[in-house]
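The values are calculated or read from the model by the stated rules, or taken from the named source; none is laboratory data. Since we're looking at a predicted model, the values are computed, not measured. We place every Cβ from the backbone using ideal geometry, glycine too, and count neighbours over all the protein chains shown.
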Amino acid sequence: MAAAPERLVWGSDWPHVLLETTMPNDGDLVDQIAVWVPDEAVRKRILVDNAERLYGFDRP
């Protein structure tokens, strides 16, 4: 993340396919994003802006 936040996109394996252990709490996982990426602007880049650019999404 420190090296190239403009190249990261958020992804998940929802709904935890092939999970062989206890199902994690999704709320805890989402809360962890703020711990890993404390800067709100960088978090928006990773969660929203990069995917828009990569996949060509049009924002309404």
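Out of segment 30-60, which residues are of a type in the set (A, V, I, L, M), over 16 Å from R7 (Cα atoms) and free of Cβ contacts under 8 Å to residues at least 12 places away in the same chain? V30, A34, V35 - these are the residues of segment 30-60 that are of a type in the set (A, V, I, L, M), over 16 Å from R7 (Cα atoms) and free of Cβ contacts under 8 Å to residues at least 12 places away in the same chain. For segment 26-42, check the following and say yes or no: at least one residue is assigned to a loop (DSSP other than H, G, I, E, B) and modelled with pLDDT under 80. No; the residues of segment 26-42 include none that is assigned to a loop (DSSP other than H, G, I, E, B) and modelled with pLDDT under 80. Could you tell me how many of the residues in the chain are exposed (fewer than 11 other Cβ atoms within 10 Å of the Cβ), among the aromatic types (F, W, Y) and under 14 Å from the mean Cα position of the chain (by Cα)? Number of matching residues: 2.
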